[in-house]
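Structure first, then comments.
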Amino acid sequence: MRTKFLKFIAVLSMVLLAFNGCKKDEGEEPAPTPQPKTPENVVVFDKEVVEKKIDTITNNGTLVFSSLSEKEKPKVGDIICSGVAQGAPQGFLYKVKDIQEKNGKTTIITEKAYLEEAIGDGEFEQTIVISARDVQAIYNSKGEEVENLIKISPLNTSRQRPPYDVQAYDTKLESSIKFEIDTELEKNLKLKGSVEAGISLDFKIKIGFLKVEELALIVNPQIKGEIKVAWSKKLKGKEEGKNYELGVIKLAPITVPISGIPVVITPKIIIILHVDIEGKIELSGKILSVEASPKFGPVYKNGHWSFLGMNEGDNKDLINVDFFKEVKFGLSGELKIGPRIIADYTFYNSDTGAGLGIGFYGKLKSDLAVKVEPSFEQIKDLEFDPKITLSAGIEAIYKTELNIFRFKAELEGSKEFLKWQIAEHHIFPKFSELVTSLDPEGNKVVACKVERMPSRLLWSVSQHGFCWTNQNRKPTIEDAHSELGELAGTILDLDAYEMKVKLPTLLPNSTYSIRPYYTFWGGTYYGSELTFNTEQPKEFNLSVSTLNLKKGENSTVKITSGNGTYVVSSSNKTVATASVSDTNEKEIVIVAHNKGTATIIVEDNVSKTKKEIKVTVTEADNNLVLSANSITLKEGEHKVVNITSGSGVYIVKSNNESVVLANEVKAGVIGIIAKGAGNATVIVKDKATKQQKTIEVTVTKAHPSLVVTSKTAELMVGGQYRINITSGSGKYSVSSQNSHIATASLSGNAIDIVGKSKGNTTVLLEDKESKETVSIAVKVSPKEENTEVPEGVIIKDGILVKWPCDKIPTNGHVTIPNSVTSIGSSAFWNCDSLTSITIPNSVTSIGWYAFLGCSSLKSITIPNSVTSIGWYAFYQCSSLSSIVIPNSVTNIEKEAFYGCSSLSSITIPNSVKTIGDGAFERCKSLTSITIPNSVRYIGKSAFAGCSSLSSITIPNSVTSIGKGAFLGCKSLSSIVIPNSVTSIGKGAFYECSSLSSITIPNSVTSIGKGAFLGCKSLSSIVIPNSVTSIGKGAFLGCKSLSSIVIPNSVTSIGNGAFYECSKLSSITIPNSVTSIGEGAFLGCKSLSS
């Protein structure tokens, strides 16, 4: 079966040759240039003589003839030549060195001849236009000859060439020639586009006294079209001048008569994608859109070479080109990419000729050095200001080896005659000047503006904010600082946004310096600093100076005036303790423990003024009293019951912990948690008085609210509409009020509605457990009579090759006909008017990029016939809210649903074995997902950036969690990793800032680099005995982590493993550990043991 790429080569050959290939037959021909006179020592063999009498022509220029007449025989010193003929397919041009006669054979031994000697004196000028009729063979990128699909109507008997039609596969091509490129050049490099093109050569020669006085080779390519690229590649070094040869078109030799001398030129067209690359590149989108007709080439005159149309600024009015208009990329290094079209002209059967062509390129450059792994060494100031630049240009490409002339005619190179600077953007942009103001409460506010940062690049910014100090030096993030989160944006998003901070209470009568910053894996970048002075401190006062409490009681004392930060201590902690309230910094909470007196000392940290509160504690009442004796809870709910009277020392327990858990969460407060439906008794015993009270607890079954993805459905007669149930008990019933209009049935957690006849009805869904109901309004429209696809839609051999975006119906709905078995790559690329689509059961595969960028696509039903969904299939379908993957699909491929920011629910069937890299990356509305037991592997960044994902169930079938799998899932609060998992990849839970607890099973042997980096809510974690190594930065920035026990199995702790774990107060390192990396506990300010 022919590939699209072979078709591309066939059509491109016709395009390049036929655009200017037809000579118009209206009007008179221009008068020919006067021809020079042929020298007498030149012998031109007739075609008949060559075809009938020549036996052989050797590579060294020996010719053997049979039966040459004396008149036909040349003399020694003569120049002999021939045009194209059988036996001399490329003609020849030689000088006779010797002639030998033997057995009726004439052997002519020759040496090199020069064209100046053959032509003599004179001047010649002609435009050489090559026609599609001249195509001899077409070769693909592997050098394989492919079928020539060009069809031309027969010539008539006229000497003039009439207009003709050219047909390539199913498209008739006339004067406006358009074709498509759709090919994969190497792994992860896909080229796509449409091109209209042609090429011709102006050949001029002037000879005087057997010497070339002037020679011009002026090429005139005519090109119109666009090229899109999807590419991902990473290099450790540099790869320059790589040419991907898309194809070669071999053409029949053309005989150009000059002064009676047949000059034979054999053309060849070479189509190339030229690439220079260094570092890492991720690129997708349109890189080039062009309409051009430049004229340029080398000119030899009076012994010197010059270049026509190849100087800076030439041909500017003849070229209209756009670069990087619709492109997304990530880059670390440098990339130069663009197409080249080269016309190669060879003279006679020699090694002499000229190659002339045009190259378009776009260039992306990043000053930032490539680093494969982040460095977790101690952060230092950056002293460079890297940037990304986007530029473009057009080059004339030339190579001449004109050994057919006496003068030196060897040239090779390229000349850039047009170039553009498209954009220049700082990777770490400058901050604006800082400005200060006061908020309504009188607090100082500091603000500035900063450009948005590039997204998804290797150097992404993880944190930004302000830092300040009063130490008469530049502040750093080691000083007091604020954290404002990530910076995000794109390289061409140059809008600035404001960042600001409300400063806490500062020391009075002091000079402070403040400056903005942002951090990334390589360090911290700082803006300019601002210096300011603080005012006199405020007067410090408390609401009371004495306090009487009973044992076990607590009380609050208000700070009526002060400066914002305070230090609290007690003279006798066995009697009473005190602290600043967690919820209100202007309140002091005092707790009475035992009978006696104590003095509470409160110090204003700014003014250093101290105030005292005299506390007297008396014995508590002996009677044990509770605030409630019975409560009712739902599963998962929790409540507190207060001990309003008692000794202050209690024992609390539940008689049925499968129903209720209970404990004293703080002094005099009992916390009760409902675990399962049933009844239980909570027993409260006063240890001092031996009194006992009970709380009767009834727990009822919890029923989650009944939620569906849509409460309306519109479909045609015979059509099907699926609505997913995203929340409920799992036990449902469904019915239709008018089943003759539409029927409804359950398929797992989905409702399938089928249109029967025109009309409106209501489908009722009921949760059998909670009895909650949801009504769905259904509208059924008549079936469309016309099911034919619009003109311009390409379907070939059952493959939907292309549905042009301008052929999408006005209602935004597309129905794919039953004849289609596969939706081809990029079939609906960037069709932003597509809102819904009906895929028939005949379809078995959805190709790469099939619906990429369909930003208005809201719903789609994938039939059970589909077995594969290609890479990037629904990439950036930002309106897609829900989708059901059928159980015929076994793999969810790379970035299949990347950037589907409205996708709130998805059903993954038990047939799926792998979830590919980035499959659901940046699905920001996805709140929960259940992974079935069939899945063995969760790919790199599979759920990265799913910022609303709060819960996920990982089954026992999963053995590996890929690199960055849950990176940036900021709402994920807890997760249970099953015993089947043996490794947690690099950055697997990076920046999961709400993750407070996690269970790592005994099956895990390694915790990857940065696995829990930035999980600032993670307060505790148990590392099992199976783990042997803790990777670099594994728990970096886990600021709530207070304690950790490292088991005896661990032998190494990587660089920066617990960097900036500021609350970590104790850690036990076993004797098994033989290496602790640099900065492993750097910034652990609370670490005391």
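The values are calculated or read from the model by the stated rules, or taken from the named source; none is laboratory data. Here the structure is a predicted model, which means the values were calculated and not measured. Heads up, the Cβs are rebuilt from the backbone with ideal geometry, glycines too, and the neighbour counts pull from every protein chain shown.
Among the residues of segment 938-952, those that are hydroxyl-bearing (Ser, Thr, Tyr) and surrounded by 17 or more Cβ atoms within 10 Å (Cβ to Cβ) comprise Ser941, Ser947. For beta carbons closer than 7 Å, sequence separation of 6+ or different chains, a first residue in segment 671-697 that is more than 12 Å from Val659 (Cα to Cα) and in the same structural domain as Gly646 (by TED's automatic domain parsing) and a second that is at pLDDT 90 or above and of a type in the set (Gly, Ala, Ser), the qualifying pairs are Gly671/Ala662.
Condition check for Arg515 on (1) in contact with a strand residue (DSSP E or B) (Cβ under 7 Å, 6 or more places away or on another chain); (2) assigned by TED's automatic domain parsing to the domain that holds Val591; (3) charged (D, E, K, R): one failure, at (2).
Among the residues of segment 871-888, those that are surrounded by fewer than 21 Cβ atoms within 10 Å (Cβ to Cβ) and more than 22 Å from the chain's Cα centre (by Cα) comprise Ile885, Pro886, Asn887, Ser888. The set of residues in segment 671-695 being buried (at least 17 other Cβ atoms within 10 Å of the Cβ), part of a strand (DSSP E or B) and in contact with a Ser or Thr (Cβ under 9 Å, 6 or more places away or on another chain) consists of Ile672, Ala674, Ala680, Val682, Val684, Asp686, Ile695.
Note on segment 721-752: among residues that are surrounded by fewer than 14 Cβ atoms within 10 Å (Cβ to Cβ) and among the polar types (S, T, N, Q), the one that is farthest from Ile837 (Cα to Cα) is Ser733.
So that you can scan it fast, the table gives a plain yes or no per residue for (1) in contact with a Gly (Cβ under 9 Å, 6 or more places away or on another chain); (2) part of a loop (DSSP other than H, G, I, E, B); (3) touching a residue at least 24 places away in the same chain (Cβ under 8 Å):
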position: Leu926; (1), (2), (3): no, yes, no
position: Gly945; (1), (2), (3): yes, yes, yes
position: Pro955; (1), (2), (3): no, yes, yes
position: Leu967; (1), (2), (3): yes, yes, yes
position: Ser993; (1), (2), (3): yes, yes, yes
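Residues in segment 849-875 that are farther than 23 Å from Asn910 by Cα and in contact with a Lys or Arg (Cβ under 9 Å, 6 or more places away or on another chain): 1 in all.
Scanning segment 769-797 for residues that are without any contact (Cβ under 8 Å) to a residue 40 or more places away in the chain and either surrounded by 12 or more Cβ atoms within 10 Å (Cβ to Cβ) or polar (S, T, N, Q) (or both) turns up Asn786, Thr787, Val789, Pro790, Val793, Ile795. Sub-6 Å Cβ pairs linking a first residue in segment 554-574 that is over 10 Å from Ile600 (Cβ atoms) to a second residue that is in a strand (DSSP E or B) and among the β-branched types (Val, Ile, Thr), at least 6 apart or interchain, are Asn554/Val591; Ser555/Ile590; Thr556/Val589; Tyr566/Val580; Tyr566/Val602, ordered by first then second residue.
Checking Thr930, Thr861, Thr838 one by one, the residue that is in contact with a strand residue (DSSP E or B) (Cβ under 7 Å, 6 or more places away or on another chain), polar (S, T, N, Q) and without any contact (Cβ under 8 Å) to a residue 40 or more places away in the chain is Thr930 and no other. Being at pLDDT below 85 and under 30 Å from Ile223 (Cβ atoms) is the requirement here; does Leu438 meet it? No; evaluated as a whole, the condition is false for this residue.
Results for (1) out of contact with any Pro (no Cβ under 8 Å at 6 or more places or on another chain); (2) at pLDDT 90 or above, shown as yes or no for each residue.
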| site | (1), (2) |
| --- | --- |
| Glu26 | yes, no |
| Ala31 | yes, no |
| Glu48 | yes, no |
| Glu70 | yes, no |
| Gln90 | no, no |
| Asp98 | yes, yes |
| Glu111 | yes, yes |
| Tyr114 | yes, no |
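In the set (1) touching a strand residue (DSSP E or B) at 6+ places or on another chain (Cβ under 7 Å); (2) among the charged types (D, E, K, R); (3) more than 22 Å from Glu48 (Cα to Cα), the condition left unmet by Lys105 is number (3).
Summed over segment 579-611, residues that are over 25 Å from Pro537 (Cα atoms), in contact with a Leu (Cβ under 7 Å, 6 or more places away or on another chain) and modelled with pLDDT of 90 or more total 1. Going by what's in this entry, would Ser545 be described as modelled with pLDDT of 90 or more, hydroxyl-bearing (Ser, Thr, Tyr) and touching a Pro at 6+ places or on another chain (Cβ under 8 Å)? So Ser545 fails the test. Do we find that Leu715 is more than 26 Å from Leu949 (Cβ to Cβ) and surrounded by 16 or more Cβ atoms within 10 Å (Cβ to Cβ) in this structure? Spelling it out, Leu715 is indeed more than 26 Å from Leu949 (Cβ to Cβ) and surrounded by 16 or more Cβ atoms within 10 Å (Cβ to Cβ). The set of residues in segment 656-700 that are of a type in the set (S, T, N, Q) and under 15 Å from Asn629 (Cα atoms) comprises Asn679, Thr681, Gln691, Gln692, Thr694, Thr698. Within segment 702-727, the residues that satisfy the criterion of being in a loop (DSSP other than H, G, I, E, B) and either hydroxyl-bearing (Ser, Thr, Tyr) or modelled with pLDDT of 80 or more (or both) are Ser705, Leu706, Thr709, Ser710, Lys711, Val717.
Can you go through Asn302, Asn311, Asn315 and tell me which one is surrounded by fewer than 15 Cβ atoms within 10 Å (Cβ to Cβ), at positive phi and at pLDDT 75 or above? Only one candidate qualifies: Asn302.
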